[in-house]
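Here the structure is laid out as structure tokens; the discussion comes afterwards.
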Amino acid sequence: MNEHQYAVIMAGGIGSRFWPMSRHNFPKQFLDILNTGQTLVQATFQRLTDFILPENIYVVTSNEYVQIVKDQLPMIRKENILGEPSRKNTAPCIAYISFKLMQKDPKASLIVAPADHMIHDRIAFKKVCLEAFSFVNKHNALITLGITPLKPNTGYGYIQRELQSVTDNVYKVKTFTEKPNLDLAKTFLASGDFLWNAGIFVWQVKNVIKAFEIYLPEMFDVFVAEKDAFNTADEKKALEHIYPLCTTISIDFGILEKANNVYVIPASFGWSDLGTWNSVYENLDKDYLGNAIAGRKVMIIDAAKCVVHSGNKKLLVLQGLEDFIVVDSPDVLLICKRDKEQEIKDYVAEVRRNIGDEYL
């Protein structure tokens with residue numbers, strides 16, 4: 001393995017669309033959503049160890065989750081678990097790890113991986129990631145991995161690539177499109193040159209820092225001013241100065257949609273962004289009526305195409321439901337139509353307004 005190759009797992013989100021399993025004090029990346037025996041962040045770490053030295057894997061999370069990461073990933077060095085003082089989306093998170101690595105290893109290249117993705121084919125994933133590292137170590141390039149779409153999904157962003165590759169399986173990016181409506185998603189699928197945006201990135205650290213200087217200069221300036229504090233006892237204090245000055249912005253919108261050196265590698269490695277209960281439905285085995293069940297004490301009677309998640313103490317009996325999400329936690333029961341999954345965040349907001357934060 002290459003000692004100059006690093007990985008960072010982004011694990012700071014609150015996962016409100018997975019409520020009521022995902023809670024503010026224990027969000028989805030720390031849960032075993034699919035009943036696999038591993039939490040999502042544990043599975044992500046294990047995948048990365050296939051081609052990254054364990055001591056070169058970092059986790060960036062919210063300060064309030066640092067102890068959870070330590071508990072779930074005891075094999076990671078404690079200094080590799082990085083706490084953010086506030087949530088500012090992905091650009092400040094990536095700036096943080098990039099400036100930190102630049103101070104440690106100017107030859108560093110980095111893969112950025114969200115903690116909440118499902119990837120079934122680890123061998124194919126490793127192959128694509130090594131292809132990406134090989135390309136960025138020879139070119140001033142920012143690579144994003146694009147997933148060959150299987151259907152016109154409206155829950156993912158899309159990447160349009162140039163028709164001709166610049167080298168084997170690496171294409172220049174033409175456009176990014178946020179979540180489209182169904183008609184546009186169908187058009188994208190039919191064209192053959194659009195990919196799902198996986199949100200997994202690979203680049204040399206020095207090149208992404210240069211991109212910050214060009215496209216997010218204010219953020220670049222506040223990190224540069226404190227860069228000498230990284231990897232020292234003053235790092236935490238420096239972050240408390242930096243983060244209030246940072247704009248809340250994604251790396252996609254802040255840099256990738258503007259830069260002219262962005263490339264994509266099309267890939268198929270059994271990927272799913274576990275962002276909603278329907279994505280859980282798609283990744284669980286189904287019974288003969290199309291029900292996806294995570295829980296050992298669930299009885300189905302004349303119910304079809306439901307996704308059910310429950311603990312293993314309470315017996316759940318479902319009759320007559322079709323296309324429903326049923327999530328039973330110790331203190332909250334959620335029952336809603338599967339086509340209303342994007343509104344779960346609104347339900348959480350209503351609970352906060354009418355009842356308070358007790359169930360969030």
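The values are calculated or read from the model by the stated rules, or taken from the named source; none is laboratory data. Nothing here was measured: the structure is a model prediction, and the numbers come from that model. We place every Cβ from the backbone using ideal geometry, glycine too, and count neighbours over all the protein chains shown. The accessibility values were calculated without ligands, DNA or RNA, using every heavy atom of the protein model including side chains. Shrake-Rupley method; radii C 1.70, N 1.55, O 1.52, S 1.80 Å.
Quick notes on this one:
- For PHE269: the one exception among (1) part of a loop (DSSP other than H, G, I, E, B); (2) open to solvent by 30 Å² or more (accessible area, probe 1.4 Å): (2)
- First in region 112-128 and under 20 Å from GLN204 (Cβ atoms), second anywhere and exposed (fewer than 15 other Cβ atoms within 10 Å of the Cβ) and not aliphatic (A, V, I, L, M), Cβ under 8 Å, 6 or more apart: LYS126/ASP50
- Test for LYS104: is it touching a Phe, Trp or Tyr at 6+ places or on another chain (Cβ under 9 Å), at pLDDT 95 or above, surrounded by fewer than 16 Cβ atoms within 10 Å (Cβ to Cβ) and of a type outside the set (A, V, I, L, M, F, W, C): yes
- Residue within region 250-266 that is farther than 27 Å from ILE14 by Cβ, in contact with a helix residue (DSSP H, G or I) (Cβ under 7 Å, 6 or more places away or on another chain) and open to solvent by 80 Å² or more (accessible area, probe 1.4 Å) present: yes
- Look at (1) open to solvent by less than 70 Å² (accessible area, probe 1.4 Å); (2) part of a helix (DSSP H, G or I); (3) farther than 30 Å from GLU79 by Cβ and you find that VAL128 fails only one, number (3).
- Answer from ALA294, ALA233 - the residue that is of a type in the set (Gly, Ala, Ser) and crowded, with 17+ Cβ neighbours inside 10 Å: ALA294
- Against the conditions (1) more than 27 Å from ALA225 (Cα to Cα); (2) open to solvent by 20 Å² or more (accessible area, probe 1.4 Å); (3) at pLDDT below 95, SER134 satisfies every one except (3).
Residue by residue, here is whether (1) more than 14 Å from TRP277 (Cα to Cα); (2) in contact with a Cys (Cβ under 7 Å, 6 or more places away or on another chain); (3) in a loop (DSSP other than H, G, I, E, B) holds:
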{"residue": "ASN312", "(1), (2), (3)": "yes, no, yes"}
{"residue": "VAL326", "(1), (2), (3)": "no, yes, no"}
{"residue": "PRO330", "(1), (2), (3)": "yes, no, yes"}
{"residue": "CYS336", "(1), (2), (3)": "no, no, no"}
{"residue": "LYS340", "(1), (2), (3)": "no, no, no"}
{"residue": "ASP346", "(1), (2), (3)": "yes, no, no"}
{"residue": "ARG352", "(1), (2), (3)": "yes, no, no"}
{"residue": "GLY356", "(1), (2), (3)": "yes, no, yes"}
{"residue": "LEU360", "(1), (2), (3)": "yes, no, yes"}
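- Scanning region 61-84 for residues that are of a type outside the set (A, V, I, L, M) and over 17 Å from ASN25 (Cβ atoms) yields PRO74, ARG77, LYS78, GLU79, ASN80.
- Of all residue pairs spaced 6 or more apart or on separate chains, those with beta-carbon atoms under 7 Å, a first member in region 323-335 that is small (Gly, Ala, Ser) and a second member that is crowded, with 16+ Cβ neighbours inside 10 Å are SER329/PRO20; SER329/MET21.
- Some residue of region 283-291 being within 26 Å of the chain's Cα centre (by Cα), surrounded by 15 or more Cβ atoms within 10 Å (Cβ to Cβ), under 18 Å from GLY155 (Cβ atoms) and at pLDDT below 95: yes
- Qualifying residue in region 169-182 (condition: under 21 Å from LYS258 (Cβ atoms), touching a residue at least 12 places away in the same chain (Cβ under 8 Å) and in contact with a Cys (Cβ under 9 Å, 6 or more places away or on another chain)): no
- Residue identified as in a helix (DSSP H, G or I) and either open to solvent by 20 Å² or more (accessible area, probe 1.4 Å) or closer than 30 Å to LEU53 by Cα (or both) among LEU150, LEU189, LEU110: LEU189
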